[in-house]
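S.K.: The structure's right below; bear with me while I get my questions together.
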Amino acid sequence: MQSRDGGCLCGSMRYSTQGLPVRVTVCHCRFCQRATGSAYMVEPIFDLAALKVTTGEPSVYAMPSAGSGKVVRVHFCPTCGTKLFLTFDRFPASCGVYAGTYDDPHWFEIDPATAKHIFVSAARPDSLLPAALPMYADHPMTNDGAPHTPIVLDEPGSPADCLMLHRR
């Protein structure tokens, strides 16, 4: 099984993941916007057992999710502050990697079979959302685990286009 490596800006934290992500989430929520300092976060999701910290010991910042109320933990380099991965009380066997911290951040695919955009309702209005990928106005499931119906654009569009379909 192939491993992929990544790490922080200063090099004092390194990690490795084994295999392919279970799925890829592109998240537009305010938490991810703030955590990345960007418009959204690209987050390959793995089984927690597939992630190994190989160098250093991360610091952890824990806070309750605004949506579920469950704690989300941000694991980051204590020296340079680079955020490396997330763990979740809501999904205790999973972790999400900050994709930009991989040595090759483009190694995994973002395709309709394994990826989705979430919290499109919080996306920048000038974001261009791709066609064919499942999208959700908020989280893809309710707090009790029931799935929401995805929105799929036939052609690239804006968050407003996506939300208009959501309201139908």
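The values are calculated or read from the model by the stated rules, or taken from the named source; none is laboratory data. Just so it is clear, the structure is predicted and the values come from calculations on it, not from any experiment. We place every Cβ from the backbone using ideal geometry, glycine too, and count neighbours over all the protein chains shown. Heavy atoms of the whole protein, side chains included, go into the accessibility calculation; ligands, DNA and RNA do not. Shrake-Rupley method; radii C 1.70, N 1.55, O 1.52, S 1.80 Å.
S.K.: From the protein chains alone at 1.4 Å, what is the descending order of accessible area for MET164, MET141, largest first?
M.R.: Sorted descending by solvent-accessible area, the residues read MET164, MET141.
S.K.: Follow-up. Rolling a 1.4 Å sphere over the protein heavy atoms, what is the accessible area per residue of the chain, to the nearest Å²?
M.R.: 53 Å²
S.K.: For the pair VAL71 and SER12, how long in nm is the line joining their label points, each one 7 Å along Cα→Cβ?
M.R.: In this crude label model, VAL71 to SER12 measures out at 2.4 nm.
S.K.: Counting only the heavy atoms of the protein chains, how much of SER68 is accessible to a 1.4 Å probe, in Å² to the nearest 10?
M.R.: 30 Å²
S.K.: Under the rule a/c < 1.5 gives rounded, and otherwise a/b versus b/c splits prolate from oblate, where does the chain land using the Cα gyration tensor?
M.R.: Details: a/c = 1.80, a/b = 1.63, b/c = 1.10.
Prolate, since a/c reaches 1.5 and a/b exceeds b/c.
S.K.: Answer rounded, prolate or oblate for the stretch 85-152, using the Cα gyration tensor with square roots of eigenvalues a ≥ b ≥ c: rounded when a/c is under 1.5, else prolate when a/b is larger than b/c, else oblate. Please report the intermediate quantities before stating the final value.
M.R.: On the way: a/c = 1.67, a/b = 1.06, b/c = 1.58.
Taking the square roots of the gyration eigenvalues as a ≥ b ≥ c, the stretch 85-152 is oblate.
S.K.: Given R₀ = 41 Å, what would the calculated FRET efficiency be for ASP5 paired with ASP154, taking r from the Cβ atoms and rounding to 0.05?
M.R.: Given R0 = 41 Å and the Cβ-Cβ separation, E is 0.60.
S.K.: Name every cysteine in the chain that ends up alone, with no second cysteine's Cβ under 4.7 Å, or say none.
M.R.: Unpaired cysteines in the chain: CYS29, CYS95, CYS162.
S.K.: Just to confirm my numbers, what's the Cα centroid distance between the stretch 1-34 and the stretch 109-164 in Å?
M.R.: Taking the Cα centre of the stretch 109-164 as reference, the centre of the stretch 1-34 is 21 Å away.
S.K.: Provide ILE110, ILE151 ordered by accessible surface of protein heavy atoms (probe 1.4 Å), highest first. Let's see the in-between values first.
M.R.: On the way: ILE110 80, ILE151 10 Å².
Sorted descending by solvent-accessible area, the residues read ILE110, ILE151.
S.K.: Let me ask another. Can you compute the modelled spin-label distance between VAL53 and ASP89, with each label point 7 Å from Cα toward Cβ, in nm?
M.R.: Modelled inter-label distance: 2.0 nm.
S.K.: Something else about it: Rounded to a whole number, what % of the accessible area of the chain do carbon and sulfur atoms account for, probe 1.4 Å?
M.R.: On the way: 4910 of 8960 Å².
With neighbouring chains kept in place, the figure for the chain is 55 percent.
S.K.: To continue, here is another question. Can you list the residues, at least 5 places off or on another chain, whose amide H is less than 5 Å from the amide H of SER65, using H built in the peptide plane?
M.R.: Counting only residues 5 or more places away or on other chains, the set is LYS70, VAL71, VAL72.
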